[in-house]
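J.: Dumping the structure here so I can ask a few things about it.
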Amino acid sequence: QVQLVESGGGLVQAGGSLRLSCAASGSIFSGQGMGWYRQAPGKQRELVAFITSGGNTYYINSVKGRFTISRDKAKNTVDLQMNSLKPDDTGVYYCNKYPLIRTIPPWGQGTQVTVSS
């Protein structure tokens, strides 16, 4: 069973930066994509970015040019560098495979990101 552990969140002012890290047990990066998801207060969880098994990346429009997703297959980690943070980026950030089809690993606890005005 895959286990996912997110870290790196915190409280920052608008315009600041954070780097999130996701540690995954097992071989979750083998042959599949990985994504970062977030859930803002009172909203559904949404995809933020994903990286394919071949290293191609995708970002939702609201974070393009500000966030960068990367992976280290040897360490079984996937990171999210977040720059120029905005209050709308506030939420709990989670990692998991992408797309969320077939068998989905259990969600981790996530890491809280709070961006003040």
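The values are calculated or read from the model by the stated rules, or taken from the named source; none is laboratory data. Fair warning: this is a prediction, and the values are worked out from it, not measured in the lab. Cβ atoms come from the backbone with ideal geometry, glycine included; neighbour counts cover every protein chain shown. In case anyone asks, the SASA skips ligands and DNA or RNA and just uses the protein heavy atoms, side chains included. Shrake-Rupley method; radii C 1.70, N 1.55, O 1.52, S 1.80 Å.
J.: Could you derive backbone 3J(HN,Hα) for the stretch 71-81 from the dihedral phi with the Karplus parameters 6.51, -1.76 and 1.60 (θ = phi - 60°), listing whole Hz in sequence and x where the residue is Gly or Pro?
T.: Running phi through 6.51 cos²θ - 1.76 cosθ + 1.60 with θ = phi - 60° gives 9, 10, 5, 4, 8, 6, 10, 9, 10, 9, 8 Hz.
J.: Count charges around Ala40 for me, please; just the other residues with Cβ under 15 Å from its Cβ, Lys/Arg as +1, Asp/Glu as -1.
T.: Details: positive: Arg38, Lys43, Arg45, Lys86; negative: Glu46, Asp88, Asp89.
Result for the local shell: +1.
J.: Tell me the label-point distance for the pair Leu11, Trp107, using the 7 Å Cα-to-Cβ offset, in nm and rounded to one decimal.
T.: Label-label distance for Leu11 and Trp107, simple model: 2.4 nm.
J.: To continue, here is another question. Would you tally the net charge around Ser117, using a Cβ to Cβ cut-off of less than 15 Å, leaving Ser117 out, and scoring K and R as +1, D and E as -1?
T.: Values: positive: Lys86; negative: Asp88, Asp89.
That works out to -1.
J.: Would you mind working out the magnitude of the charge dipole of the chain relative to its Cα centre, with +1 at each Lys and Arg C-beta and -1 at each Asp and Glu C-beta, to the nearest 20 Debye?
T.: Numbers: 12 positive and 6 negative charges, 37 e Å.
My answer is approximately 180 debye.
J.: Another one. Restricting to lysines 8 or more places apart or on different chains, can you count the pairs in the chain with Cα atoms under 28 Å from each other?
T.: 10
J.: Apply the Karplus parameterisation 6.51 cos²θ - 1.76 cosθ + 1.60, with θ equal to phi minus 60°, to every residue of the stretch 57-67 and state each ³J(HN,Hα) to the nearest whole Hz, in sequence, with x for glycine and proline.
T.: My calculation for the stretch 57-67 gives 10, 9, 9, 5, 4, 5, 10, 4, x, 10, 10 Hz in order.
J.: Give a residue-ordered list of calculated ³J(HN,Hα) values for the stretch 103-115 (Karplus: 6.51 cos²θ - 1.76 cosθ + 1.60, θ = phi - 60°; whole Hz; x for Gly, Pro).
T.: Each residue's phi maps through the Karplus curve to give 7, 9, x, x, 5, x, 6, x, 9, 7, 10, 10, 10 Hz.
J.: Moving on. What number comes out for the charge environment of Asp79, summing +1 per Lys or Arg and -1 per Asp or Glu over other residues with Cβ under 13 Å away? If you can, show how the numbers build up before the last one.
T.: Numbers: positive: Arg19, Arg71, Lys73, Lys75; negative: Glu6, Asp72.
Here the count lands on +2.
J.: So what does Lys75 come to for accessible area, using a 1.4 Å probe and Å² rounded to 10?
T.: Its accessible surface works out to 140 Å², give or take rounding.
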